[in-house]
1. Just how much of B:Thr103 is accessible, in Å², when a 1.4 Å probe is used and the result is rounded to the nearest 10?
2. Sort B:Cys172, B:Cys153 by heavy-atom solvent-accessible area, probe 1.4 angstrom, most to least.
3. Taking Cα centroids, how far is region B:362-401 from region A:35-76 in Å?
4. Ignore the peptide's own chain and count Cβ atoms of other chains within 10 Å of each Cβ in B:435-447; give me the average, rounded.
5. So for each of B:422-428, B:385-391, B:3-9 I average, over its residues, the number of other beta carbons within 10 Å; can you give me the resulting order with the highest mean first?
6. Mind checking the mean number of beta-carbon atoms from other chains within 10 Å of the Cβ atoms in B:128-136?
7. What's the Cα-based Rg to Rh of region B:398-481, Rh via Kirkwood?
8. If you place +1 on the Cβ of every Lys and Arg and -1 on the Cβ of every Asp and Glu, how big does the dipole about the Cα centre of region A:3-123 come out, in debye to the nearest 20?
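The values are calculated or read from the model by the stated rules, or taken from the named source; none is laboratory data. As the structure is a prediction and not an experimental result, all values here were calculated from the model. Don't worry about glycine lacking a Cβ; one is built from the backbone with ideal geometry, like all the others, and counts go over all protein chains shown. The protein model used for the area step is the full one, side chains on, heavy atoms only, and it has no ligands, DNA or RNA in it. Shrake-Rupley method; radii C 1.70, N 1.55, O 1.52, S 1.80 Å.
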Amino acid sequence: MGRHVFLDSIAVADCAMEVVGDDLDDLFATAARAVAEVMVDPATVRRVIERDVELAAPSLDLLLYDWLSELIYLKDAEQLVFPDAEVRVRGEAPCRLAARLRGDVLDRARAALRADPKAVTFHRFALEPYAGGWRARVVIDV
Amino acid sequence: MKTLPIADCVWEIPPSEKPGMRVPARIYASQALLGQMDQGVFEQVTNVACLPGIVRASLCMPDGHWGYGFPIGGVAAFRADTGVISPGGIGFDINCGMRVLRTRLTEAEVRPKLRELVDALFAAVPSGVGAHGFVRLTEDELREVMREGSGWCVRRGYGWPEDLAATEGGGCLPGADPEQVSVRAITRGIGQLGTLGSGNHYLEIQVVPPDGVHDAAVARAFGVTGPGQVLVMLHCGSRGFGHQVGTDYLRRFDQAMHAYGISVPDRELACAPFRSPEGQAYFGAMTAAANTAFANRQVITHRVREVLGRIFGRDPRELGLEVVYDVCHNTAKLERHVVDGAPLDLVVHRKGATRAFGPGAPDVPAAYRDVGQPVIIGGSMETGSALLVGTAHAMEETFGSTAHGAGRTMSRAQARKRVWGETLIEQLGARGIVVRAASKSGVAEEAGFAYKDLAEVVEVVHRLDVSRRVVSLRPIGNIKG
């Protein structure tokens, strides 16, 4: 089961996080949950809308960048936030991802709102094998 | 890293301190502010000094803090003919900026209706994550906004013609190219015109305090008459539209720069030659986003006028709700500056830095031509903000640039651990500052203790003469995302 922690010590105006997963699928799903947690208290969001997403990128780290960027895009373009994700990642180039997201339209009366992420940055962006699984560091501009 | 004092409030890191530095890095700060700057500032300001075509020095203003790529507070000018343009030197919130409106209202008139006013503004100007704007646009109309900026709003009745003259660049920067904007940027931003955003963005009711006028003559030129006068300040940018433009081009430059043989010490500094197809495409899209940000602040201005007119039962013109100025602090602009005694076309990147052109400089509105361009420095909702004026010395020292805010000293997560948003709202209420926010945790993140001392930042830029202190402003009402 993946986990994430928010990092206090880098990029003080933004939101830095470290995400650890048992494998790539787990890491990508955990990172999605972390991004949702930046936007809203996940406990206040229903899981009533499903959305399938498929992405391809020339490298694994760019696939993670595009994946998290997609979640931020959906927040603005369709007011959707997805705390839950099942993700399948193919790590060999060209890297691919197929995901099923679960969440809801941002209901301002129901959801406890947090920050409004602008973008995923490349600042100290990293994705690497770690302790038999994978680890990523991501800074989100908020 | 060796940081040498070279003049009062000027510190220099020589090129010998890091391989690849083409010019020195220069930090403008008092000893106290320098001590508060995190290590990231020194790392990033010297990284920027490594970029191709940089002229004179990589600069950091006294409100500087750790950003991504460039430090926040970073200013760098690159030769237009051989230098680069970098999305990391502008930020994702393209043309994030400040606008101030003056009023003929006094605190004594506003105070009895303050709660009602703040509630009405909170309802009229959507803020926070997932907010919809009140202006419904077609895609073609959004492209018109990209080309025309604030002018589109005035043409559609969301403003007064004179608002344009009181906006940097007339509210429309040249070079916008909607063809270089992705469909995703359009679909992401089309519903957000007239929204405030979250984070450090705000709409604030402010008052000139009893000792708040520092330069009466310039204050008069800005329409600030004296203590007790109420002003309205807003801080926001291009919203999801600009954020997507930044994302698209950062991703594109990350791959494209290798074709130009450019390597950078930080991936967030991805860049392309300004005159390359990629550089020109980004400049066109970024300028389109900048114009959209002007339009965003313009339609919010319209809403503010509607609300104040309704609450006080008077026409907004009778209330004197005129724009003092609107100024960007996240842009790259093509400007001509004198370098080594000769005029040179430069792409001046300002990331969390405000243009501060002096008297007689180009693009300073006629009303301010004799005194200089108004500079708006936004502080925290606790400590207040400041109006300053640009100087001739800024043109020589900082490519006509100054600070933009107080600058953070503490991360958002640390601030949340120090105080609950609800508690802070109560504390501010007890001090006469009414706060409405879409996110309570967001309020905690913006607590005054998370920022540097604004007065110290203003003191430094004043001493450096890269802008001069004119008026201090104290908040009495704040709307946040």
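1. Accessible area, nearest 10 Å²: 10 Å².
2. B:Cys172, B:Cys153
3. Cα centroid of region B:362-401 versus Cα centroid of region A:35-76: 40 Å apart.
4. Per-residue shielding by partner chains comes out at 2.
5. B:385-391, B:422-428, B:3-9
6. Numbers: counts 7, 16, 15, 6, 2, 0, 0, 0, 0.
Counting Cβ atoms of other protein chains within 10 Å of each residue's Cβ and averaging gives 5.
7. Working: Rg = 14.9 Å, Rh = 14.3 Å.
Reported Rg/Rh (Cα atoms, Kirkwood Rh): 1.04.
8. 340
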